[in-house]
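The structure appears below as structure tokens.
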Amino acid sequence: MILHPLVTEKATIQAEMDNSLQFIVGMNDTKDGVKTDLERLYNVKVLTVNMMITPKGKKKAIVVFEKANTATELASRLGIF
């Protein structure tokens, strides 16, 4: 379950440079689950998903998209930019 997008200066730069977005997800979520949820909810193609636990104890997913500029388009749809 995707809880919310993570908006930081670094995440914004990654969206523009690496075509990726960061999301805070549930602790029990898997890479495949996050990929499936994003593809179903937002009708985008996901290339890779990397997961990590933040120092605050939350799980963060870094999602890289297949098509160029997908991250910036999705971020504008979500109201991030």
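The values are calculated or read from the model by the stated rules, or taken from the named source; none is laboratory data. The shown structure was predicted, so the numbers you read here are calculated from the model rather than taken from an experiment. As a convention, Cβ positions derive from the backbone with ideal geometry for all residues, glycine included, and neighbour counts pool all protein chains shown. Ligands, DNA and RNA are excluded from the accessible area calculation, which covers all protein heavy atoms including side chains. Shrake-Rupley method; radii C 1.70, N 1.55, O 1.52, S 1.80 Å.
Which of the numbered conditions does ILE80 fail, given that it passes all the others? Conditions: (1) of a type in the set (A, V, I, L, M); (2) within 10 Å of the chain's Cα centre (by Cα); (3) at pLDDT below 95.
Single failed check for ILE80: (2).
Would you pick out the residues in the range 23-61 that are under 16 Å from LYS10 (Cα atoms) and either in contact with a Ser or Thr (Cβ under 6 Å, 6 or more places away or on another chain) or acidic (Asp, Glu) (or both)?
Correct list: LYS60 only.
Answer yes if at least one residue in the range 20-27 is closer than 15 Å to PHE81 by Cβ, at pLDDT below 95 and under 10 Å from the mean Cα position of the chain (by Cα), and no otherwise.
no
Give VAL64, VAL7 a once-over and let me know the one that is in a loop (DSSP other than H, G, I, E, B) and within 12 Å of the chain's Cα centre (by Cα). Even if it seems obvious, please write down each step before you answer.
Values: VAL64 fails: in a loop (DSSP other than H, G, I, E, B).
Exactly one of VAL64, VAL7 is in a loop (DSSP other than H, G, I, E, B) and within 12 Å of the chain's Cα centre (by Cα), namely VAL7.
Looking at the range 14-28 only, could you name the residues that are outside any strand (DSSP E or B) and either open to solvent by 90 Å² or more (accessible area, probe 1.4 Å) or under 16 Å from SER76 (Cβ atoms) (or both)?
We begin by selecting, within the range 14-28, every residue outside any strand (DSSP E or B); these are 14-19, 26-28.
Listed by number, the residues that qualify are GLN14, ALA15, GLU16, MET17, ASN19, MET27, ASN28.
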